[in-house]
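The values are calculated or read from the model by the stated rules, or taken from the named source; none is laboratory data. Quick caveat, the model's predicted, so the values are computed rather than measured. Glycine gets a Cβ as well: all are built from the backbone with ideal geometry, and neighbour counts include every protein chain shown. What goes into the accessible areas is simple: the full protein's heavy atoms, side chains included, and nothing from ligands, DNA or RNA. Shrake-Rupley method; radii C 1.70, N 1.55, O 1.52, S 1.80 Å.
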Amino acid sequence: MHFKQIDLNSWDRKPYFEHYMNHVRCTYSMTANLDITKLLPVLRHNGFKLYPALIHMLTTVVNRHVEFRMSYGLDGKVGYWESMSPSYTIFHEEDKSFSSIWTDYHKDFSQFYQHVLADLEEYGGIKKFTPKPNEPANTFPISCIPWVSFTGFNLNIYNEAAYLSPIFTIGKYFRQADSISLPLAIQMHHAVCDGYHASMLVQQMQELADDCSTWIPIK
């Protein structure tokens, strides 16, 4: 886990960062439908669940781009993490509550998937908000609302809008004609990410879904 501080004076994004942090502090949300028509049957055929696959896909794209790994260091200076891991919600059917656990990211999907299963086995039955201890600072949040296919989703975070990491919310997938779509809501801070970056993330998520046979082990 390595945090690299940014030199504001040489940072080409400095005017935008200062504007959206000091003058018009602003976050924004966008919801897009991912086409998982190819992804879903490949996962099912090879014995993998959709939610861990989406978590791996999101973390893969987040780790490709500095803009999605921005944060404040312990000294309050802005910078970015060398890599990030996901912190994701799990649902307790018994009492309809949820917990949030984290899993170290691994580029290899099979290894990451096994780590997720191990974490679920160890911590999935503990009904606490954060049952897995020692969550590192370089995590970002993912949640899932699998009961509704929403067309828009917005989070309101009251921490003076200084949270720079992206936040993702996954909805219920649905059939439309001959395709299967899944809503993905993205919340970003405008100080570090523009509409272009959000669009790039959606595009690269779609590419991973379309090219799933290249990273999912095929039986």
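Under 8 Å between Cβ atoms, at least 6 apart or on separate chains: pull out the pairs that start in the range 40-51 with a residue that is closer than 19 Å to Arg175 by Cβ and end on any residue that is modelled with pLDDT under 95 and among the charged types (D, E, K, R).
Cβ pairs passing all conditions: His45/Lys219.
Does any residue in the range 5-17 that is within 13 Å of Val66 (Cβ to Cβ) and in a loop (DSSP other than H, G, I, E, B) come within less than 9 Å, Cβ to Cβ, of a residue that is modelled with pLDDT of 95 or more and hydroxyl-bearing (Ser, Thr, Tyr) six or more places away or on a different chain, and which pairs are these?
Pairs found: Ile6/Tyr80.
Kindly evaluate Ile157 against the criterion of being at pLDDT below 95, in a loop (DSSP other than H, G, I, E, B), touching a helix residue (DSSP H, G or I) at 6+ places or on another chain (Cβ under 8 Å) and farther than 17 Å from Val62 by Cβ.
Answer is no for this residue.
On the given criteria, is Asp35 charged (D, E, K, R), out of contact with any Leu (no Cβ under 7 Å at 6 or more places or on another chain), open to solvent by 50 Å² or more (accessible area, probe 1.4 Å) and over 28 Å from Gly152 (Cα atoms)?
no
Name every residue in the range 167-189 that is closer than 27 Å to Ser71 by Cβ and buried (at least 20 other Cβ atoms within 10 Å of the Cβ), in order of residue number. Reasoning before the result, please.
Restricting attention to the range 167-189, the residues satisfying the condition of being closer than 27 Å to Ser71 by Cβ are 167-171, 183-189.
Passing the criteria: Phe168, Thr169, Ile170, Gly171, Pro183, Leu184, Ala185, Ile186, Gln187, Met188, His189.
Looking at the range 72-99, which of its residues are crowded, with 20+ Cβ neighbours inside 10 Å and either of a type in the set (Ser, Thr, Tyr) or out of contact with any strand residue (DSSP E or B) (no Cβ under 8 Å at 6 or more places or on another chain) (or both)?
Within the range 72-99, Tyr80, Ser85, Ser87, Tyr88 meet the criteria.
Can you confirm whether the range 186-207 contains a residue that is more than 13 Å from Thr27 (Cβ to Cβ), of a type in the set (Phe, Trp, Tyr) and assigned to a strand (DSSP E or B)?
No, because not a single residue in the range 186-207 is more than 13 Å from Thr27 (Cβ to Cβ), of a type in the set (Phe, Trp, Tyr) and assigned to a strand (DSSP E or B).
Before we move on, is Pro131 surrounded by 16 or more Cβ atoms within 10 Å (Cβ to Cβ) and of a type outside the set (A, V, I, L, M)?
Criteria met by Pro131.
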